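The values are calculated or read from the model by the stated rules, or taken from the named source; none is laboratory data. Bear in mind that the values here come from a model prediction, so they are computed numbers and not experimental data. Please note: Cβ atoms are built from the backbone with ideal geometry, for glycine as well, and neighbour counts cover all protein chains shown. Ligands, DNA and RNA are stripped out before the accessible areas are found, and what is left, the full protein with its side chains, is counted by its heavy atoms. Shrake-Rupley method; radii C 1.70, N 1.55, O 1.52, S 1.80 Å.
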Amino acid sequence: MLELPLIARARAHANSVAFRSAKTSHTYQQLLDRSAMLATALLGDAADLNEARVALLVAPGPEYVAAQWAIWRAGGIKVPICLSATEPEWEYSLTDSGASAVVADATMAGKIEPLCKRLGVRLVNVDAITSAPARKLPEISPDRRAMILYTSGTTSKPKGVVTTHANIQAQIESLVTAWEWSAPDRIPLFLPMHHIHGIINVTCCALWSGATIEPFVKFDTATILDRVRADAYTVFMAVPTIYVKLIQSLEAASPEDRTAFVAGFKKMRLMVSGSAALPASVHEQWTALTGQKLLERYGMTEIGMALSNPLRGERRPGAVGVALPGVEVRLKSESGAIVTREDEPGEIQVRGPGVFRAYWNRPEASAESFDDGWFRTGDMAVRERGYFRIMGRLSVDIIKSGGYKLSALEIEAALLEHPDIRECAVIGVPDATWGEVVAAAVVLAEGVTLELPALREWCREKLSNYKIPQRLLVVKELPRNAMGKVTKPALQTMS
Ligand code: MLC
Ligand code: AMP
């Protein structure tokens, strides 16, 4: 029987521990059995879900993976959605993807039930599924579409990035090879499970390799440091904001505690940073504090990981290394020429088996994002002494905050619904902890006032926590160029 490689790999590690937490542990065999049970429940009378979209709203951990595998084994497309999203954000993901079902744990099922009822979407509470008769599951070809991840871009609403099973496998194999994942590895999982960093780099790579994951609902510095002190991990993957927070905690710790934490970090075989630029100063501070040299890599939802500093060899602060196995990377200059020399900047373009298939239901955006078969990332880079260095993004409308990619346009659209806001422009302003924070410049209606706390409170119904402006600038008018277009770079100096 043709079986998904991820499932076949899990069988090879059947008796190993896939997930371990303070209270319980789950073997690969338990995940396989549970996913078969959930797949059966999802299928009902159908033989195959035939690429039906199934949204996934389960806290990180064994049940998340069992549900993910269940959707895949039943032939569906998994659409992971953010646990802390607002109802309008959930509604957008469900309607845009045309989801026919939401798979949720009991806690999340309670929260999303009213929306599912309103939209007529089936809600499957996994905690209520305790048995199912054994049955034959469909054969899934690697070319079948497997996942839709919503990612913000230069359009107001997020776009669904569609990857096939073969794309996902290529993304995993590239990292497993480059970073030498193996069964004895142990890794904490504290990143959100609706983005590739948590899904592919941490979870899928670990489970492909027979390694053990320790899941947390969210990142908590004190909890993680306690586990680091206990030598719980061999591999650690985080966004730069987390390293900044860890540095702050290490510096604030007593000398005894710090020595114990540092000993734990020192013993790890690999610590990776990615999803946003790691300032060279943070890289150097981390090495000075712990003796560990962070491995910085660069990736994107549409392509998986593309560039990485080496596991063995120079890990250069401020640089993202070279192309990963199976990934081709080129730079295209503003003039349209392929960059062949060092020190000449260009847009990063990527080709390879890990590159996504298309944006969901957006043929034009999909076509525009490719240049002769190469995916246009919208990030600028330069090659220096053999390594790529990221210089920034082509669009001012894309903000990276805490590792999350945010669309200024999406936030502007939400702010314009505020009765007192007549015009607005959103930008990302540099921030030592978050990389960038969201700042809004607004023109108010006549005679009204608006303070940041009130605006933030108002936003809570519409936007996830990390999209809500952290800075507010009330202006008489927005800076515009001769064509009447708002000039966002001018706002940077105003803030
Ligand atoms: C939260 N806060 C922020 C903020 N997010 N402030 C400024 N900017 C932000 N972005 C504030 C909250 O308002 C709150 O303040 C306080 O911080 C705590 O909020 P929280 O939600 O509990 O935050 P925390 O859990 O500390 O979140 C930090 C984090 C999280 C770094 C753990 O942001 C995170 O998990 N980021 C990772 C995202 C990720 O996985 N990206 C990968 C995308 S894939 P108050 O005042 O209310 O207490 C990708 C491709 C690739 O990029 O290459 O990997
Ligand atoms: P996302 O769309 O959420 O997958 O985010 C991908 C984007 O994150 C990339 O296009 C980059 O802008 C940014 N990114 C990821 N890794 C790095 C890195 N190491 N340095 C700078 N930017 C990064």
Next on the checklist: Let's test the formula: R0 of 56 Å, r as the Cβ-Cβ distance of Q492 and R269. What FRET efficiency results, to the nearest 0.05?
Outcome noted: 0.85
Checklist entry - What spacing in nm lies between the two simple spin-label points modelled at K23 and E284, each 7 Å away from Cα in the Cβ direction? => result 4.6
Next on the checklist: Can you tell me the convex hull volume per residue for the chain, based on C-alpha atoms, in Å³ to the nearest whole number?
Outcome noted: 158
Next on the checklist: So for the range 350-495, considering every pair of alpha-carbon atoms, how many percent are separated by more than 21 Å?
Outcome noted: 54
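Grab the beta carbon distance between A183 and A260, set R0 = 22 Å, and tell me the FRET efficiency rounded to 0.05.
About 0.20, to the nearest 0.05.
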Item to check | Alpha-carbon centroids, the range 395-460 and the range 1-77: separation in whole Å | outcome: 39
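I'd like the carbon and sulfur percentage of the solvent accessible area for the range 140-238, probe radius 1.4 Å, heavy atoms only, ligands and nucleic acids excluded.
Here carbon and sulfur together make up 54 percent of the probe-accessible area.
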Checklist entry - If you place +1 on the Cβ of every Lys and Arg, -1 on the Cβ of every Asp and Glu, and leave all else neutral, what size is the dipole of the chain about its Cα centre, to the nearest 20 Debye? => result 780
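First select every other residue whose beta carbon is under 15 angstrom from the beta carbon of P184; then total the charges, Lys and Arg +1, Asp and Glu -1.
Charge balance in the 15 Å sphere: 0.
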Checklist entry - How large, in percent, is the carbon and sulfur part of the accessible surface of the range 398-494 at a probe radius of 1.4 Å? => result 53
Checklist outcome for this item: the range 85-111 and the range 248-322 have their Cα centres apart by a whole-number Å value of 35
Item to check | DSSP bridge pairs, the chain: antiparallel proportion in percent, nearest 5 | outcome: 65
Next on the checklist: Under a crude label model (7 Å from the Cα following the beta-carbon direction), how far is R422 from E364 in nanometres?
Outcome noted: 3.1
Item to check | Accessible area of the chain divided out per residue, in Å², using a probe of 1.4 angstrom | outcome: 41
Next on the checklist: Report the gain in length on full extension from E91 to R330: 0.36 nm times residue separation, minus Cα-Cα distance, nm rounded to one decimal.
Outcome noted: 82.3 nm
Item to check | Environment charge at V443 (Cβ cut-off 11 Å; Lys +1, Arg +1, Asp -1, Glu -1) | outcome: -2
Checklist entry - Cross-link list K111/K159; K117/K218; K111/K488; K293/K467; K117/K159; K218/K467: which exceed 26 angstrom alpha carbon to alpha carbon? => result K117/K218; K111/K488; K293/K467
Next on the checklist: What is the sum of charges, Lys and Arg at +1 and Asp and Glu at -1, for the other residues whose Cβ falls under 12 Å from the Cβ of N125?
Outcome noted: -2
Checklist outcome for this item: Rounded to whole Å, √(5λ) for the Cα gyration tensor eigenvalues of the range 116-189, largest first, gives 28, 24, 16
Checklist entry - Can you give the three extents of the C-alpha atoms in the range 247-356 along their principal axes, from longest to shortest, in whole Å? => result 56, 27, 24
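If each residue of separation counts as 0.36 nm, what is the full-extension length gain between R227 and A132 once their alpha-carbon separation is subtracted? Could the numbers behind the result be given before it?
Numbers: separation 95, 0.36 × 95 = 34.20 nm, distance 3.67 nm.
Fully extending the segment from R227 to A132 adds 30.5 nm.
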Checklist entry - Which three extents, in whole angstrom, do the alpha-carbon atoms of the range 346-388 cover along their principal axes, largest first? => result 41, 19, 16
Next on the checklist: So, R0 is 41 Å and r is the distance between the beta-carbons of N481 and R341; what FRET efficiency does that work out to, to 0.05?
Outcome noted: 0.80
